[in-house]
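These notes are about the structure you will find just below.
The values are calculated or read from the model by the stated rules, or taken from the named source; none is laboratory data. Since this is a predicted model, take the numbers as computed values, not measurements. All Cβ positions, glycine included, derive from the backbone under ideal geometry; neighbour counts span all protein chains shown. Heads up: the accessible areas ignore ligands, DNA and RNA and are worked out on the full protein's heavy atoms, side chains in. Shrake-Rupley method; radii C 1.70, N 1.55, O 1.52, S 1.80 Å.
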Amino acid sequence: MTSYNQNRREFAKKTTAIAIGAATPCFFSTPRTLADETKSPNDRFRIGLIGAGGMGMGNMYAAKQWCDVVAIADVDAKRANNANHQLSGGKADVYCDYRAILDRDDYDALHIATPDHWHTKPLVEAMLAGKDVYCEKPMTLTIDEGKLIRKVAKQTGRIVQVGTQQRSTFNLFVKAIAMVAEGRVGKIKRLQAAIGGGPTSPAIPAVDVPSELNWERWLGPAPLVDYRYMSQKEGEKNQQYTNGHYDFRWWYEYSGGKLTDWGAHHVDIAMWALEANGQSPVPISVGGKSVHPVPYKDGYPTQNDRYNVATTFSIQALFPNDVELTIRDDSDNGVLIEGDQGRIFVSRNKLVGKPVEDLKENPLPEDAIQKVYKGLPMVDNERRAHWANFIHCCRERQEPISDVHSHMRALNICHLAGIAARFDRTIRWDGDTEQIVGDEQANALLARPYRKGYEIEM
Ligand SMILES: NC(=O)c1ccc[n+]([C@@H]2O[C@H](COP(=O)([O-])OP(=O)(O)OC[C@H]3O[C@@H](n4cnc5c(N)ncnc54)[C@H](O)[C@@H]3O)[C@@H](O)[C@H]2O)c1
């Protein structure tokens, strides 16, 4: 096994490349044969995993029927070694610096499941190194990062699947989109993405960094700050708070809070519906009400020792033809699609509404769901199906169901909602120039500086 801290250049010198790929037969000849045809070791899909936390592990378990993890990078040595043990029986190579994996060519694709501020840099560098990537949502931390990813994806032709697995939930979200495409709600007038609110925290003290965690590298492109952690008894539970693992979601420095965490899922479905309805998913303006757990000044939090992203919000995105999307925290989690002939509500556990009841009398055409799923094989549900979709698309060089372009269109709205919330004002968006109109201060938040030493290697 390669040593955890081995330098990537040293590693590159020692590695023998193993050719994989073009000659490997596609195992998706028909959707139903997927499980059987992956029995042969030659058909297995080899993965380099970057970020072995909750989602990286969850995804690799979900895809284990088809995938072998051959290399793992995590800045937390304990997590990296645990992942090696759990996923690969100790046979994978383990690194702190993901670039050692980019230097190898003995695997089929990369999986990036790092915190949000660590998506764009490895994704762009991976595409430039000729890798296909399954990257977790939200794909970016800023709107300008999306522009760069779009450019590099076009330039390199690599396959990129974004981890919005709701796009592979056939009996719920995909069916809802098929209903919209078949005209079952008429012309969409209003949409709602209910995504739940963000939590608050007490003041979290700066403490020593655990010995297994390379905190400086965890921060990477983000500003260099203290590591914060505390654990306290709350009722029966031992509640933990940090600015690191998992909780990064609640800090604007690393994420956009619920607006991008869940917005990346539900706003994506809402925009997919608009497109299926033949309408523009590019907003004209975004703004509304929001509450942050700390005061903001000029778009930035004024306290640095506790969660800082919006906890409650009701933010409207306005589209051409007076179509309106409300992103809110205070309603049943899911997506409401309201047209001039009916409305449906879809979530991770239900699809309801009069047009759904009407399906008994007037079912969808047999190929309606398949058409929405771009004719791609439908092997299973959710996470597994999303992985099967990715593997199929890598082998067949097709665009996956959650491609860079559709994801970026939806995520831009989430980012704009976050910017509007940070300034507490409505912003106008020019979809052609991809700029905020007449608001220099808000426009400045389309990008973020990368910390020295962590710029993207182009
Ligand atoms: N699709 C979904 O439904 C879904 C669900 C949960 C999380 N996610 C996404 O997955 C991502 C990870 O979330 P999580 O909950 O697993 O977080 P996590 O904190 O549990 O895991 C992230 C891991 O990445 C590691 N890491 C950080 N910087 C790194 C670097 N430079 N190189 C290698 N490893 C690095 C961390 O040490 C940690 O182990 C987030 O972007 C999140 O939005 C998606």
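Tabulated results
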quantity	calculated
Where THR200 falls short, out of the listed (1) polar (S, T, N, Q); (2) more than 18 Å from the chain's Cα centre (by Cα); (3) within 16 Å of the ligand (Cβ to nearest atom)	(3)
Lone qualifier among GLY257, GLY146 - being crowded, with 24+ Cβ neighbours inside 10 Å and closer than 21 Å to TYR454 by Cα	GLY146
Some residue of region 417-426 being open to solvent by 50 Å² or more (accessible area, probe 1.4 Å) and not basic (Lys, Arg)	yes
Selection status of ARG79, at pLDDT 95 or above and either over 22 Å from the mean Cα position of the chain (by Cα) or over 22 Å from GLY244 (Cβ atoms) (or both)	no
Unmet criterion (only one of (1) surrounded by fewer than 20 Cβ atoms within 10 Å (Cβ to Cβ); (2) assigned to a helix (DSSP H, G or I); (3) not aliphatic (A, V, I, L, M)) for ASP432	(2)
Residue in region 291-313 that is under 23 Å from the mean Cα position of the chain (by Cα), in a strand (DSSP E or B) and not assigned by TED's automatic domain parsing to the domain that holds GLU136 present	yes
Those strands (runs of 3 or more DSSP E) lying entirely in region 50-159 with at least 1 residues under 23 Å from ARG397 (Cα atoms) and within 11 Å of the ligand (Cβ to nearest atom)	109-112, 132-135
SER88 being among the hydroxyl-bearing types (Ser, Thr, Tyr) and within 30 Å of PRO355 (Cα to Cα)	no
Where TRP387 falls short, out of the listed (1) open to solvent by 30 Å² or more (accessible area, probe 1.4 Å); (2) outside any strand (DSSP E or B); (3) not basic (Lys, Arg)	(1)
Output for region 435-454, where each listed residue is in a loop (DSSP other than H, G, I, E, B), out of contact with any helix residue (DSSP H, G or I) (no Cβ under 9 Å at 6 or more places or on another chain) and closer than 24 Å to LEU219 by Cα	PRO449, LYS452, GLY453
Of the criteria (1) surrounded by fewer than 20 Cβ atoms within 10 Å (Cβ to Cβ); (2) in the same structural domain as ALA420 (by TED's automatic domain parsing), which one THR156 fails	(2)
